[in-house]
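See structure below.
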Amino acid sequence: MKNRNREFFKDNGYFVSKKIFEKSEIEEAVKEGKKILNNFKKRKKEIEGNWPGNWGNEEDKNKSLLSCHNLQQHSSVFSKMIFNEKFLKIARSLIGENIRLHHTKYHIKPQNSGARLPLHQDYHYFPFKNNSMVAALIHLNDTSVENGCVCVMPKSNLKGPLEHIHDKSFYLDPSKYKIEDCVPIEAEAGSVLFVNYLTIHGSYENKSENDRPIFLVQMHEATDVRLKEIHISPDNGLLLTGAGLAPGMEPFVDLSKTYS
């Protein structure tokens, strides 16, 4: 029997799974996320994640996106989320039985001023040989176009890596790639959007009266290997599910024998 979810994901470059996480889990994550970002308030430059470059207009420069990497290093709440079995069951159905973590990230688009993100592929930030890299965006509240949800360009993953403008960041030429050609992903809290890193995606600005938080988990098939030694985060390579030794990786060495 064919895996319909995987076939859709392979053909379209994205897949939405509704309400994987319980309300209590989402509430706990929102509370912890705010606490973590508040701890960084005195070092605002470290959490300002607005997309750099000359892709936008003057209004975009006044918008904000707060961001923090590697949340599992700050709170076990997020460790539990990346090892949630319902979450990993869907991930396995799309990626395969053996999955490694690349990095995690927490985003908040502030109310009334949350920045939009230009259309881009994630490939150029951390290219992998077999292009198995997937971003799982865990929705921590209900999302809509009004509050800055993500949008995707279906089937764009089939085009392979595209030429990007490299100006402090990577983004696609706004004159050639239009957000109007994308599909907005409006989803309920607890739902997860899975996006292949070759899929063109971006997001809208937050014009609502509420913040829009998202917890992002970037992961890949366990034996896929990076093409460049870039973007190496804490816990990079951690097995989330299954097993597997990527080519070129050293096998585990029992250090206890070294001192016997």
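Applying the selection to segment 153-176, what residues are touching a helix residue (DSSP H, G or I) at 6+ places or on another chain (Cβ under 8 Å) and crowded, with 22+ Cβ neighbours inside 10 Å?
M153, N157, listed by residue number.
Evaluate segment 116-123: report whether one residue or more is part of a loop (DSSP other than H, G, I, E, B), of a type in the set (D, E, K, R) and surrounded by 15 or more Cβ atoms within 10 Å (Cβ to Cβ).
yes
Would a scan of segment 60-77 turn up a residue that is modelled with pLDDT of 85 or more, charged (D, E, K, R) and over 16 Å from I108 (Cβ atoms)?
Within segment 60-77 (the criterion being modelled with pLDDT of 85 or more, charged (D, E, K, R) and over 16 Å from I108 (Cβ atoms)), the answer is yes, since at least one residue qualifies.
So L162 passes all but one of these: (1) at pLDDT below 95; (2) of a type in the set (A, V, I, L, M, F, W, C); (3) assigned to a loop (DSSP other than H, G, I, E, B). Which condition number does it fail?
Failed condition: (1).
Only residues that are in contact with a helix residue (DSSP H, G or I) (Cβ under 9 Å, 6 or more places away or on another chain), hydrophobic (A, V, I, L, M, F, W, C) and not in a loop (DSSP other than H, G, I, E, B): list them for segment 184-215, please.
V192, F194, V195, F215
For a quick check of your reading of the model, give me the residue pairs whose first member lies in segment 68-79 and is without any contact (Cβ under 8 Å) to a residue 24 or more places away in the chain, whose second is assigned to a helix (DSSP H, G or I), with beta-carbon atoms closer than 6 Å and at least 6 apart or on different chains.
Partner pairs satisfying both residue conditions: S79/Q72.
Only one residue in K42, K86 is assigned to a helix (DSSP H, G or I) and modelled with pLDDT under 90. Which one?
Working: K86 fails: modelled with pLDDT under 90.
Selected residue: K42, the only one of K42, K86 that is assigned to a helix (DSSP H, G or I) and modelled with pLDDT under 90.
Quick check on this structure: which one of G33, G53 is touching a Lys or Arg at 6+ places or on another chain (Cβ under 9 Å) and either not in a loop (DSSP other than H, G, I, E, B) or not acidic (D, E) (or both)?
Result: G53 is the single residue among G33, G53 that is touching a Lys or Arg at 6+ places or on another chain (Cβ under 9 Å) and either not in a loop (DSSP other than H, G, I, E, B) or not acidic (D, E) (or both).
Restricting attention to segment 76-121, which residues are over 24 Å from T143 (Cα atoms) and of a type in the set (A, V, I, L, M)? Walk me through it before giving the result.
Within segment 76-121, the first condition is being over 24 Å from T143 (Cα atoms), and the residues that meet it are 76, 92-93, 95-102.
Across segment 76-121, the qualifying residues are I95, I99, L101.
So, in segment 7-24, how many residues would count as being closer than 18 Å to N196 by Cβ and not in a helix (DSSP H, G or I)?
Qualifying residue count, segment 7-24: 5.
Within segment 50-68, can you find the residues that are surrounded by 18 or more Cβ atoms within 10 Å (Cβ to Cβ) and farther than 15 Å from S113 by Cα?
Within segment 50-68, W55, C68 meet the criteria.
Could you give me the residue pairs with C-beta distances under 8 Å whose first residue belongs to segment 169-180 and is under 16 Å from V150 (Cα atoms) and part of a helix (DSSP H, G or I), whose second residue is hydrophobic (A, V, I, L, M, F, W, C) and at pLDDT below 95 wherever it lies, and which are 6+ apart or on separate chains?
none
Looking only at segment 131-146, which residues are surrounded by fewer than 23 Cβ atoms within 10 Å (Cβ to Cβ) and touching a Ser or Thr at 6+ places or on another chain (Cβ under 8 Å)? Give the steps one after another, and end with the answer.
So in segment 131-146, the residues surrounded by fewer than 23 Cβ atoms within 10 Å (Cβ to Cβ) come out as 131-132, 135, 141-142, 144-146.
If the condition is that a residue be surrounded by fewer than 23 Cβ atoms within 10 Å (Cβ to Cβ) and touching a Ser or Thr at 6+ places or on another chain (Cβ under 8 Å), then S144, E146 are the ones that fit.
The values are calculated or read from the model by the stated rules, or taken from the named source; none is laboratory data. Model, not experiment: these values are computed from the prediction. All Cβ positions, glycine included, derive from the backbone under ideal geometry; neighbour counts span all protein chains shown.
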